[in-house]
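Quick notes on the structure that follows.
The values are calculated or read from the model by the stated rules, or taken from the named source; none is laboratory data. Since we're looking at a predicted model, the values are computed, not measured. Here the Cβ positions follow ideal geometry from the backbone for every residue, glycine too, while neighbour counts run over all protein chains shown.
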Amino acid sequence: MATSTVHLINVPLDPNYKNEITFGTEGAQSAYFISCKTHSFLEESYIRKGHQMNVLMYLEDLWNVNYLMFQNEGKWFYAFVTDMKWINNSNTEITFEIDVYQTWLFNTTIMKSFVIREHVNDDTIGNYLLDEGLETGEYIPKSILKNDDLLEIYNVVAYSDGLEGVFGGSYSNVFSGMRYRAYKRDNDTGLLAFINSKVTIGKADSIAFIFTIPKFLLGTVVSGSDIPYDTIPAFALQSLVIDRTNLDGYYPKNRKMFTSPYTMVYASNNKGGSAVYKLEDFDGSTVMFGIGGEIGSCPTVVCIPMNYKKQDFFWEEALSLSGFPLCSWNNDIYANWLAQNKTGLAISTGASIVSLVAGAVTANPIAIGGGVMGALSQMSSVYTHSLQPDQAKGSTASGGVNVAFGVNTFIFSQMEIKYEYAERIDNFFEMYGYKINNLKVPNTTGRPYWNFVQTMDINIKGAIPQQDMQKLKSIYDKGITLWHNGANVGNYDLVNH
């Protein structure tokens, strides 16, 4: 009669198949389980899978047994001990269930299958970007950077006095019949002198408007000079240093933590407009933005991500900024009117005086009245204009609060999740890997200590009993952690990268 060797074993495995142990060879497999044996004996009959066996041992001496292996016709079978029943003081009945993973490990081959989750071998940032659907909580800024190029403001006077005939040209590729003269914002004296020079010659109305503009758009133009036509606006660059070492002080083990939605670049125009940019969509390790705009009244400035989504300048996700206010100025109506009419005024006044004198000589009351009334009329007209308040021209609407406080610019920051959420999500990735959702051969052995694999309708081939094959497939579809050393099962403190 054939006999079978039976080893009673204690190992960190159980029939829920949450954990299993991988082996490179059948010899390594059997050697490990034999090293964990507590008792061995020979069974004089063929052991039927999934049934019971009786051992001549006290039940109390078997409490640490949770596993067994037996050999039928030269093949080792592995099984979970599911129950032990006392028969008498020297006889215990053991019920067992075949461990289909270990028993058929070297009799099956996993083919390409739809993998839901797994641990990956190449954890390069940006390789795995599928949304995990995990709660991230509130975001906090790691760093905040204000673009200084927009903070130096110039006042620009748009004027056209016609002294040189019809003229015009293009600013920012848009034709203008005006000329623009730029003054540094703290050069109020120069600006007022220019306005007064127009008033003095009776050309106050030649000033159409005064607007503000960031200095960098004017290139090399100096304060107090005209902006040449066809001036090409300058283009500023803004780089942002990205920290890929920690999230709110937590140092992740999994590199996916340094991609969206766990950390990202946030840009704001400080006026309610904002944009979020994914770090992984920038080429290389540098995050760069281009900032440019137009030369004109109420200019608009745009912030464009560079080397983003495989585009040198990704205009589709540009962020705009406006709100550079129009200015108001004081037009001395009396001085301007006086300059406009001083020639005619002198002639009219002189004629009135002549008429007055003639009237007096001839005693013509009408002439006297006309002369006096003519002169008084002119004087009255001058007096009336002098009573008018100075006229406010241009825009007096505020719109420039951000300019006043020095925040009418773009703000950039690297946003990240808080420590608590980062730690939880990273630990989840440590246990269960990343979402894959792709057709591939499952990665069962790529990590140093353990690999988690979950599939959907896994594809396995092998000449094994159909019932065991279906059980094996369900194990992978439910998700299983495969440990590469039995001594480490359940030890998630190991560095598995």
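Data table
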{"item": "Selection within segment 27-66 - within 17 Å of V11 (Cβ to Cβ) and either of a type in the set (S, T, Y) or modelled with pLDDT under 90 (or both)", "result": "S30, Y32, S35, T38, S40"}
{"item": "Residue match in segment 18-39 (condition: under 18 Å from S4 (Cβ atoms) and part of a loop (DSSP other than H, G, I, E, B))", "result": "no"}
{"item": "Residue count for segment 247-280, restricted to those that are free of Cβ contacts under 8 Å to residues at least 12 places away in the same chain and of a type outside the set (G, A, S)", "result": "1"}
{"item": "Of the criteria (1) assigned by TED's automatic domain parsing to the domain that holds T25; (2) closer than 23 Å to A463 by Cα; (3) not aromatic (F, W, Y), which one S113 fails", "result": "(1)"}
{"item": "Filter result for the condition that a residue is polar (S, T, N, Q) and closer than 25 Å to V495 by Cα, over S274, S260, S239", "result": "S260"}
{"item": "Single match in L237, L192 (criterion: free of Cβ contacts under 8 Å to residues at least 12 places away in the same chain, among the aliphatic types (A, V, I, L, M) and in the same structural domain as P325 (by TED's automatic domain parsing))", "result": "L192"}
{"item": "Segment 467-481 residues that are under 14 Å from Q102 (Cβ atoms), paired with ones that are surrounded by 17 or more Cβ atoms within 10 Å (Cβ to Cβ) and aromatic (F, W, Y) (beta carbon under 7 Å, 6 or more apart)", "result": "D468/W104; L472/Y101; L472/W104; I475/Y17; I475/Y101; I480/Y17"}
{"item": "T109, sole failed condition from (1) over 26 Å from the mean Cα position of the chain (by Cα); (2) hydroxyl-bearing (S, T, Y); (3) surrounded by 17 or more Cβ atoms within 10 Å (Cβ to Cβ)", "result": "(3)"}
{"item": "Residue ID - surrounded by the most Cβ atoms within 10 Å (Cβ to Cβ), chosen from residues in segment 467-482 that are within 25 Å of D122 (Cα to Cα) and either in contact with a Ser or Thr (Cβ under 7 Å, 6 or more places away or on another chain) or among the charged types (D, E, K, R) (or both)", "result": "Y476"}
{"item": "Residue among N270, N307, N246, N254 that alone is in the same structural domain as Y154 (by TED's automatic domain parsing) and within 18 Å of D148 (Cα to Cα)", "result": "N270"}
{"item": "Index of the failed condition, T245 passing every other in (1) closer than 30 Å to I417 by Cα; (2) hydroxyl-bearing (S, T, Y); (3) in contact with an Asp or Glu (Cβ under 7 Å, 6 or more places away or on another chain)", "result": "(3)"}
{"item": "Residue in segment 296-310 that is modelled with pLDDT under 95, in a helix (DSSP H, G or I) and within 20 Å of the chain's Cα centre (by Cα) present", "result": "no"}
{"item": "Restricting segment 114-135 to residues that are among the β-branched types (V, I, T) and surrounded by 15 or more Cβ atoms within 10 Å (Cβ to Cβ), the residue that is modelled with the lowest pLDDT", "result": "I125"}
{"item": "Residue satisfying condition, being buried (at least 16 other Cβ atoms within 10 Å of the Cβ) and either farther than 29 Å from N402 by Cβ or of a type in the set (V, I, T) (or both), within set N254, N270", "result": "N254"}
{"item": "Scope segment 443-464; condition within 11 Å of T22 (Cα to Cα) and in contact (Cβ under 8 Å) with a residue 60 or more places away in the chain; matching residues", "result": "T444, T445, W450, N451"}
{"item": "Segment 236-251: number of residues that are surrounded by 14 or more Cβ atoms within 10 Å (Cβ to Cβ) and not β-branched (V, I, T)", "result": "8"}
